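Enquirer: First, the structure itself, so that you have it in front of you.
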Amino acid sequence: NGRLLDDDAELCLVTDLVIRTLSPKTIGVPISATMGVNRLTREANVGLRYTRNDHLSMMGAARSGEVDFVGGTRGGFIFPYWLFASDAMFATLKILEMTATAGVKLSELTDNIPDYVRGQREVRCSYNLMGTVMRRLIEETADRPRDIIDGVRVYFQDSWVLIIPDAEHPIFHLIAEAQNEERLDKVLDEYEELLLRWRKQA
């Protein structure tokens, strides 16, 4: 139908195909992956393992022998039984094969992709204060559902926010996802204000 898919939609689509055709026990994705993957794996009773937000960590998960598929947030897909890294040509052919095996069209799968909104912000913070701010973040979220795999990802019932310190620049990256724009802005506003407050107090 000529619809362009963003990286999140593409990840959900390929994850759906993998679940339908390869019967995976566990799937790996970076910590910044969309909530749509959580929903797909939960509904199919498939395990979900998070990696750090980089390709090297995805490759490490593929080589661990503990996951059957690793889906990237920037278009890369790893099928460990074939190779421990992304192979665009193999992935393209595998997607076509899985589509044929499942007997579905990509347009049909696209119609079923969970619909979430996503946003990002940056908060500047000098290098000498980043450690203090991260420590406050970890302390303040200790009683909330979260993952501390790469930065801190905090979960809410209808949204999540991920705060990652940049490795090369004095910046915190805020990535969030929610069911609507209003909730997305609220989550981003809350954590941006917290970072700014902790930076000021540091």
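The values are calculated or read from the model by the stated rules, or taken from the named source; none is laboratory data. Note that the structure is a prediction, hence the values are computed from the model and not measured. Don't worry about glycine lacking a Cβ; one is built from the backbone with ideal geometry, like all the others, and counts go over all protein chains shown. Ligands, DNA and RNA are excluded from the accessible area calculation, which covers all protein heavy atoms including side chains. Shrake-Rupley method; radii C 1.70, N 1.55, O 1.52, S 1.80 Å.
Enquirer: Could you give the size of the charge dipole of the chain about its Cα centre, using +1 on the Cβ of each K and R and -1 on the Cβ of each D and E, expressed in debye and rounded to the nearest 20? Mind dumping the intermediate values first?
Expert: Values: 24 positive and 31 negative charges, 97 e Å.
Result for the chain is approximately 460 debye, rounded to the nearest 20.
Enquirer: Under a plain spin-label model, where a point goes 7 Å from the Cα along Cα-to-Cβ, how far apart in nm are residue 182 and residue 157?
Expert: Placing both labels 7 Å along Cα→Cβ, they lie 1.5 nm apart.
Enquirer: Given a cut-off of under 8 Å on Cα pairs at least six residues apart, what relative contact order in percent is computed for the stretch 1-84?
Expert: Values: 129 pairs, mean separation 27.2, N = 84.
That works out to 32 percent.
Enquirer: Now for a different question. Could you pull out every one of the lysines with an alpha carbon less than 21 Å from that of residue 25, ignoring same-chain neighbours closer than 8 positions?
Expert: Result set, ordered by chain and number: 94.
Enquirer: Looking at the chain, send over the antiparallel percent of its DSSP beta bridges, to the nearest 5.
Expert: 75 percent
Enquirer: Got a sec? Charge dipole of the stretch 124-202, +1 on Cβ for Lys and Arg, -1 for Asp and Glu; which of 134, 184, 156 is way out at the positive end?
Expert: Among 134, 184, 156, the one farthest towards the positive end of the dipole of the stretch 124-202 is 134.
Enquirer: Determine the percent antiparallel among the DSSP beta bridges restricted to the stretch 1-113, to the nearest 5. Walk me through the numbers before you get to the answer.
Expert: Numbers: 2 of 9 bridges.
Once the DSSP bridges in the stretch 1-113 are tallied, antiparallel ones form about 20 percent.
Enquirer: Around residue 79, under 9 Å between beta carbons, what's the net of Lys plus Arg minus Asp minus Glu among the other residues?
Expert: Working: positive: 94; negative: 68, 87.
Summing Lys/Arg as +1 and Asp/Glu as -1 gives -1.
Enquirer: If you don't mind, there's one more thing I want to ask. Please list, or write none, the lysines whose alpha carbon is within less than 22 Å of the alpha carbon of residue 186, excluding same-chain residues fewer than 8 places away.
Expert: Result set, ordered by chain and number: 200.
Enquirer: Now for a different question. For the chain, calculate the relative contact order in percent as a whole number, restricting contacts to Cα pairs under 8 Å that are 6 or more residues apart. All intermediate terms of the calculation are to be shown ahead of the outcome.
Expert: Values: 324 pairs, mean separation 37.1, N = 202.
18 percent.
Enquirer: GluC sites (Glu not before Pro), restricted to the stretch 161-202: which are DSSP loop and have at most 13 other Cβ atoms within 10 Å? Mind showing how you got there, number by number?
Expert: Details: sites: 168, 177, 181, 182, 190, 192, 193; in loops: 168.
Taking the stretch 161-202 and a limit of 13 other Cβ atoms within 10 Å, the loop GluC sites (Glu not before Pro) found are 168.
Enquirer: In addition: Counting only heavy atoms of protein chains, what accessible area per residue, in Å², does the stretch 1-77 have with a probe of 1.4 Å? Provide the component values of the computation, followed by the final result.
Expert: Numbers: 3620 Å² over 77 residues.
Here the per-residue accessible area is 47 Å².
Enquirer: Got a number for carbon plus sulfur as a percent of the chain's accessible area, 1.4 Å probe?
Expert: Details: 5180 of 10780 Å².
Carbon plus sulfur share of accessible area: 48 percent.
Enquirer: While we're here: What percent do you get for the relative contact order of the stretch 70-173 when only Cα pairs under 8 Å and 6+ apart count? Walk me through the numbers on the way to the answer.
Expert: Numbers: 83 pairs, mean separation 17.8, N = 104.
The normalised contact order for the stretch 70-173 reaches 17 percent.
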